[in-house]
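Just dropping this structure here.
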Amino acid sequence: MTPAMIRFVRCAALVAPALALAACAGGGASSPASPQPGNALQNLFFWGSATVPAPPPLPEDDDFVCPPVDVALNGAAHRVGGETVRVQYSLGDLARECTNVQRDHSFTLKIGAEGQVLLGPAGSPGRYDVSVRFAVKDGERVVASRVQRQSVTVPAGSTQGSFVMVEQGIQVPPGLKNLNVEVGFGTGGGEPRRRRR
């Protein structure tokens, strides 16, 4: 019996003087949940506790494996401003958890994502709107897709802000053989929020 597993993917943002786009790739196979795969604050946002809870038990003699989570193609980063960059959005850690697994392999999915908002040479502190797309795919077919939006504040005197998004309650139907989970900035990624005069 294989327990539902949690996998974290680390994205390293490649920030050059001109804020080159971040690159990200998932690494390694899924592994069982460890007591603290991330920092306590990250765990608090993702799981509601400073430590990661043990995965729920699955039906006996079941070979279910929670599908992997990766960054969507060209979805690791998004920047605004053309040649003179105003702001860049980049993804960091990703996580997913499978619960309520049934014998027909239908289940409930929760996905988490961390990211940053980085100011470019033409940027300034303020509030920025970020949009992240969470998709469940069976091969190339999209089974479920959700977009979550969040406002991120870059405070005065700082050059970056951070965000955590958790998308939960995604119902995955049975009979899907090639499942994978993708997270990325959708079309437009995020845009600066105009200041009121």
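The values are calculated or read from the model by the stated rules, or taken from the named source; none is laboratory data. As the structure is a prediction and not an experimental result, all values here were calculated from the model. Reconstructed Cβ throughout: ideal geometry from the backbone, glycine too, with neighbour counts over all protein chains shown.
Please find, within the stretch 106-125, the residue that is surrounded by the fewest Cβ atoms within 10 Å (Cβ to Cβ) out of those that are among the β-branched types (Val, Ile, Thr) and over 23 Å from Glu83 (Cα atoms).
So, considering only residues that are among the β-branched types (Val, Ile, Thr) and over 23 Å from Glu83 (Cα atoms), the one surrounded by the fewest Cβ atoms within 10 Å (Cβ to Cβ) is Thr108.
How many residues does the stretch 126-158 hold that are exposed (fewer than 15 other Cβ atoms within 10 Å of the Cβ), out of contact with any Asp or Glu (no Cβ under 8 Å at 6 or more places or on another chain), more than 15 Å from Thr108 (Cα to Cα) and not acidic (Asp, Glu)?
Adding up the residues that qualify gives 9.
Identify the single condition in (1) outside any strand (DSSP E or B); (2) closer than 18 Å to Ala72 by Cα that Gly186 does not satisfy, given that it satisfies every other one.
Result: Gly186 fails condition (1) only.
If you check Thr187 against the conditions, is it at pLDDT below 95, in contact with a strand residue (DSSP E or B) (Cβ under 9 Å, 6 or more places away or on another chain) and loosely packed, with under 12 Cβ neighbours inside 10 Å?
So Thr187 passes the test.
So which residues in the stretch 81-99 are surrounded by 15 or more Cβ atoms within 10 Å (Cβ to Cβ) and acidic (Asp, Glu)?
Asp93, Glu97
Which residue is farthest from the chain's Cα centre (by Cα), if the candidates are limited to the stretch 61-80 and must be more than 14 Å from Phe134 (Cβ to Cβ) and crowded, with 23+ Cβ neighbours inside 10 Å?
Here the answer is Cys66.
Scan Val152, Val181, Val87 and give me the residue that is farther than 29 Å from Pro67 by Cα, in contact with a Leu (Cβ under 8 Å, 6 or more places away or on another chain) and not basic (Lys, Arg).
None of the other options fit; the residue is Val87.
Within the stretch 116-134, how many residues turn out to be of a type in the set (S, T, N, Q) and more than 16 Å from Asn74 (Cα to Cα)?
Qualifying residue count for the region: 2.
May I pose another question? How many residues are without any contact (Cβ under 8 Å) to a residue 40 or more places away in the chain and small (Gly, Ala, Ser) if we restrict to the stretch 117-155?
Residues meeting the conditions: 4.
Looking at (1) surrounded by 18 or more Cβ atoms within 10 Å (Cβ to Cβ); (2) in a loop (DSSP other than H, G, I, E, B), can you tell me which one Gln102 breaks?
All conditions pass for Gln102, except number (1).
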